[in-house]
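Here the structure comes first, spelled out in structure tokens, and everything after it is commentary.
The values are calculated or read from the model by the stated rules, or taken from the named source; none is laboratory data. Note that the coordinates shown come from a computational prediction; the quantities given were computed from them, not determined experimentally. Cβ sites come from the backbone with ideal geometry, for glycine too, and all protein chains shown count toward neighbours.
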Amino acid sequence: MPALRVKDLKKGMVKEWLDEDYAERSANKRTAAVRSIMRSFHWALDDERVDSIPIGRIKTERPAHRELVLDKAAWGKLLALLENKHGKNYDDFRDYLTVIWETGCRPQEIRLVEAKYFERENRRWVFPKEKSKGKKMQRVVYLNDEAFAICERHAALHPTGQMFRQQSGTPWDRNAVRCKFRRLKIQMGLKELCAYTLRHSWATRMLVAGVDSHVVAKLMGHRHPIHRQTTFQVDDPATERVAVGIARASFRQLRWR
């Protein structure tokens with residue numbers, strides 16, 4: 001796209017740029033690109049650097065739902081790839097992924113959680129509003145036995161700052177996690193595999209086990225019930241058979257506020 005003044009930018013130019021630079025990207029990536037542009041314009045408008053947004057509104061594509069979920073066998077295969085061998089230690093990353101798998105928390109929540117948010121007596125994390133998604137309500141993440149034991153270890157290791165860290169002592173960030181998943185995607189043969197896959201797999205397990213969608217939504221931090229067929233792959237229970245006892249074990253420590 002040639003250099004030009006902001007006021008001369010046209011909606012069609014943005015669409016041409018998307019078609020040229022994002023032709024092979026997913027609908028989610030294209031939508032994110034458009035939103036980044038619009039955020040920049042709204043910032044400039046609020047800061048009185050421009051008088052108007054020259055491109056008006058751009059209709060974005062509907063984001064695609066993440067369809068990949070892991071069953072217990074696939075989760076076991078992933079853990080096997082993270083066994084300590086050949087002088088490599090994967091304990092920290094394995095704990096990081098296990099907590100997401102066991103609680104359904106958001107990947108950004110496990111990156112941000114600190115020991116001071118860890119309520120041992122209630123077996124949960126309680127984030128302040130400013131650290132919670134949307135910044136309107138406190139986010140509460142409940143922990144089952146396995147997640148609680150992992151949190152106990154990491155809170156003792158890191159009583160201040162982020163609880164979950166790499167072997168070097170550096171807190172996990174988005175790029176570090178992505179680097180780890182690049183190898184796992186190839187080894188698992190799953191192009192869409194990412195940290196969010198574990199969160200959605202947790203939700204799918206709970207719904208297939210018969211846990212009420214309102215409860216699942218509450219535990220995931222959603223304000224509205226989960227839409228079973230449109231959000232998670234639970235239309236075919238044969239994808240994973242989860243015993244009701246597993247669901248009960250996940251919830252037996254819950255203490256609602």
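Failed condition for TRP43, given (1) over 20 Å from the mean Cα position of the chain (by Cα); (2) buried (at least 17 other Cβ atoms within 10 Å of the Cβ); (3) of a type in the set (Phe, Trp, Tyr), with all others met?
(2)
How many residues are of a type in the set (Val, Ile, Thr), touching a strand residue (DSSP E or B) at 6+ places or on another chain (Cβ under 8 Å) and surrounded by 11 or more Cβ atoms within 10 Å (Cβ to Cβ) if we restrict to segment 146-188?
The total comes to 0.
Determine whether VAL34 is of a type in the set (Val, Ile, Thr) and farther than 21 Å from ARG62 by Cα.
Against the criterion (of a type in the set (Val, Ile, Thr) and farther than 21 Å from ARG62 by Cα), VAL34 does not qualify.
Taking segment 57-98 on its own, how many of its residues are of a type in the set (A, V, I, L, M, F, W, C) and more than 15 Å from HIS200 (Cβ to Cβ)?
Matching residues across segment 57-98 total 7.
Which residues, taken from segment 57-90, are loosely packed, with under 10 Cβ neighbours inside 10 Å and part of a loop (DSSP other than H, G, I, E, B)?
ARG57, LYS59, ARG62, HIS86, GLY87
Table: residues versus (1) assigned to a loop (DSSP other than H, G, I, E, B); (2) touching a Gly at 6+ places or on another chain (Cβ under 6 Å); (3) at pLDDT 90 or above.
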residue	(1), (2), (3)
ALA156	no, no, yes
GLN167	yes, no, yes
PHE181	no, no, yes
VAL211	yes, no, no
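Tally the residues that are under 17 Å from ALA149 (Cβ atoms) and touching a residue at least 40 places away in the same chain (Cβ under 8 Å), restricting the search to segment 94-119.
14
Filter segment 1-50 for residues that are outside any helix (DSSP H, G or I) and either closer than 27 Å to LYS191 by Cβ or small (Gly, Ala, Ser) (or both) and give the result.
Across segment 1-50, the qualifying residues are ALA3, TYR22, ALA23, GLU24, ARG25, SER26.
Go through segment 92-125 residue by residue and tally those that are touching a helix residue (DSSP H, G or I) at 6+ places or on another chain (Cβ under 6 Å) and part of a strand (DSSP E or B).
Residues flagged as touching a helix residue (DSSP H, G or I) at 6+ places or on another chain (Cβ under 6 Å) and part of a strand (DSSP E or B) within segment 92-125 amount to 2.
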